[in-house]
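This report refers to the structure that appears directly beneath it.
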Amino acid sequence: MVLRWIPWALGALVAFLALGPALGPGHVLRFDMVFVPDPSLRAVLSGADGFPRAIPSDAVVAALSTVLPGHVVQSLALTSVFVLGVAGAFRLLTGLVYGRGPVPATGLAAGAVTGLAYVWNPFVAERLLLGQWAVLLGYAGLPWVLAAVVRLASFPPARGFAGLVCALAPAAVGGFSSVVLSALTAGPTALRRWRDAGLLLLALVLLSLPWLVPSLVSGAATDPAGVEAFAARSDTPFGALGSLLLLGGVWNAGAVPPGYGEPVTAALKALTVVVALAGWVWWSWRARPVVAVGLSVSAVLGLVIALAGVLVPGPLAALIDLWPGFGPLRDGQLYVAPLSLLQSLGLGAAVLWLLRALPGTTSAAGPPAPGMGRLVTTVLLGLSPVVTLPGLLWGANGGLVPVEYPPAWREAQAAVAADERPGAVLVLPWSAYRGPAWSGEPVVVLDPATKLFDRRTLWNDDLRVGTPDGGTVVVTGEDPRARQVAEPLDLDSETGMPGVESAELPELLGSTGVRYVAVSAPVDHGLSEVEGLSLVVEGTDMALFEIDDGYVEATPENGSVVVVAGALTSLGTLLWAVFAIIREESRRRGPAEGPGTGT
């Protein structure tokens, strides 16, 4: 019984070592990772224009924040990435090797190496430093999803479907990228049986409704320019392909962990990858695990997608221009996730080989005891993820530091929340990202004001990305209402402030349903002298203005019916699955699981 807690305890230890100071009081702000105090669920549901990528994760955060402090919710979210990832990969390997039987010490060692390798790699480090915690939560769930697909053959359809839905819960929270990764990772394995493939597809659709339905009816478009902006790039001496094989290559150079990509660590990482791939090939040939073919196909297909933006950007951009549904393919490096799972399993298999512990490949007298050289090699191999990527230690060497929101921000939030009249908040300057001095380490972050208020917030969701040749690519945003509000304001491209006459500003904004203007940067906004605007809160980098009521033409913005209906359907499906499994376990009527499914 105690052994069952080993994967979870290891995951908690790894989370502590990786996050360190990020688990303290305050909110960690970095690129896309924006947590705010007391987030509003109503604001999440009312802001579902364009492609509502963040609806599932933001809704869950807002719901949890009603019972827990916001910084605790963030700490739980970040910790869950490592705990779920380690435990899932650990249990997947031991389940595939030993089934429901006892796991010997050598198997526990191999499982521990697998779990550590799955969460301590460039993919996780770069996505974490990019602030994409929701994507990483879905990534952490991939081993669970693959294990659930394997178990479908051992259960009746309803029981297997319930387990699959529960395994997909992290992907459901993570949103569209996480769901796509789950389909890519588990789909080829599920295709062994048409019933399994159908159940996987049904589960993916039901849990995707909160973002899928509004995406289909919003009429939003995806800018093909994102292909160039988000293409994989080289962050090692081995070029784009080599960087992707090493599980790096993220498009944002600011998300590369400290010290990664140096010749020595890159060479050691490459050696570890070779060993992992050799371990996978050896294990697949000797033991033929049920996921061998399917996961190999997923890894190769993911690598091909990752390279598409590098090798054939034109055709990929044409596909996105033809149908916005191809938009998720822009961020190619994301799709090395199945390769990461394959490599971690391969590294665990290499440990089994070194310890001569793979069941069914030894004589009846038992495996010979491994020599000291094999034991030392095993230890070095097990520690290789940390040795080759020390930049992930202790909050990425201080890159993830919690901070407190300034008083003016909390005052602005409270002032808007106390106003029951309808009307949106316009955030200026008209740029999506900030570098606030109070955010700890100098880092670019998505403007926290975009999630601060309890009502519809309008902001510039265009993205400016620097290219390796020194140029800039502007990826047009996807919120049609934000563009509609911004168009008549004649916004200055340098300052991001309105260029129209001051006297016209209240009427222009009020006629589009805007009631408040939040200036969330220390700029000379010049709004204090505008007749028709009243100063509500003023701080160093937060000024809140209210448009006089006579100018405002606003109607209440409740949550979209389709968004709410989709969310309730997904939530109902998940609750049904949880209670179905609890009921089955209590009755103990489920069929015994066969070898390779006890994960």
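Got a sec? Which residues in segment 517-539 would a label at Asp419 touch, if it sits 7 Å along Cα→Cβ and we count backbone N under 19 Å? Output list for this probe position: 517-521, 525-539. Remark on Tyr433: its backbone amide H falls under 5 Å from those of Asp447, a criterion applied only to residues 5 or more positions apart or on other chains, H modelled at 1.01 Å from N.
Hey, with R₀ at 41 Å, roughly what FRET efficiency would Tyr433 and Trp576 work out to, going by the Cβ-Cβ distance, to 0.05?
Working: r = 40 Å, r/R0 = 0.98.
Efficiency for this residue pair is about 0.50.
Note that segment 130-136 has calculated 3J(HN,Hα) couplings of 7, x, 8, 5, 5, 4, 5 Hz, one per residue in order, obtained from phi through the Karplus relation 6.51 cos²θ - 1.76 cosθ + 1.60 (θ = phi - 60°); glycine and proline are x.
A simple spin-label model places the labels of Thr540 and Ala158 6.1 nm from each other, with each point 7 Å out along Cα-to-Cβ. Here Arg356 and Ala9 are evaluated by their C-beta separation; at R0 = 22 Å the FRET efficiency comes out at 0.25.
Taking 56 Å as R0, compute the FRET efficiency from the Cβ-Cβ separation of Val274 and Arg583 and round it to 0.05. Efficiency for this residue pair is about 0.75. Taking a Cβ cut-off of under 13 Å around Ala350, the surrounding Lys, Arg, Asp and Glu residues balance to a net charge of +3, with basic ones at +1 and acidic ones at -1.
Qualifying GluC sites (Glu not before Pro) in segment 423-503, where qualification requires a DSSP coil assignment and no more than 15 other C-beta atoms within 10 Å, comprise Glu494, Glu501.
Quick one: if you take sqrt(5λ) for each eigenvalue of the C-alpha gyration tensor of segment 27-147, what semi-axes come out, biggest first, whole angstrom?
Working: eigenvalues 214, 40, 35 Å².
After diagonalising the Cα gyration tensor, the semi-axes are 33, 14, 13 Å.
Arrange Trp8, Trp459 by Cβ neighbour counts within 10 Å, fewest through most, would you?
Taking fewest neighbouring Cβ atoms as first place, the list is Trp8, Trp459.
The residues neighbouring Ser431, those whose beta-carbon lies less than 12 Å from its own, together hold a net charge of -3 under the Lys/Arg +1, Asp/Glu -1 convention. Restricting segment 1-98 to trypsin sites (Lys or Arg not before Pro) that sit in a DSSP loop and have at most 12 other Cβ atoms within 10 Å of their own Cβ leaves nothing.
Need one number: % antiparallel among DSSP beta bridges in the chain, to the nearest 5.
Working: 19 of 27 bridges.
Antiparallel bridges: around 70 percent, rounded to the nearest 5.
If you take the alpha carbon atoms of segment 67-121 and fit the smallest convex hull around them, that volume is 90 Å³ per residue.
Only Lys, Arg, Asp and Glu carry charge here, each on its Cβ (+1 for the first two, -1 for the last two); on that basis segment 423-551 has a dipole of about 540 debye about its Cα centre.
Residue separation of Thr555 and Glu494 scaled by 0.36 nm, minus their Cα-Cα distance, works out to 18.7 nm of gained length. Between Leu393 and Val72, the distance separating the two model label sites (each 7 Å from Cα on the Cα→Cβ line) works out to 3.2 nm. Ordered by the number of other Cβ atoms lying within 10 Å of each residue's own Cβ, fewest first, Phe579, Phe176 fall into the sequence Phe579, Phe176.
Per-residue counts of other Cβ atoms within 10 Å, averaged by peptide: what ranking do you get for 373-382, 57-66, 17-26, highest first? Each step should come with its number before you reach the end.
Values: 373-382: 15.6, 57-66: 20.0, 17-26: 18.5.
Packing proxy ranking, top to bottom: 57-66, 17-26, 373-382.
Rg then Dmax, both in Å and based on the Cα atoms of segment 423-551: 14.7, 50. As a test of the formula, what do you get for the chain when each DSSP H run with n ≥ 4 contributes -39,500 (n - 2.57) and the sum is divided by the residue count, at 222 nm and rounded to the nearest 500 deg cm²/dmol? Calculated mean residue ellipticity at 222 nm is -16500 deg cm²/dmol. Under 5 Å between amide hydrogens, built in the peptide plane, is the criterion, and for Thr457 it picks out Val425 among residues at least 5 positions away or on other chains.
Computed from the coordinates by the stated procedures, all read-outs in this text should not be read as laboratory data. Because the structure is predicted, anything quoted here is derived from the model rather than measured. So basically every Cβ, Gly included, is an ideal-geometry build from the backbone, and we count neighbours across all protein chains shown.
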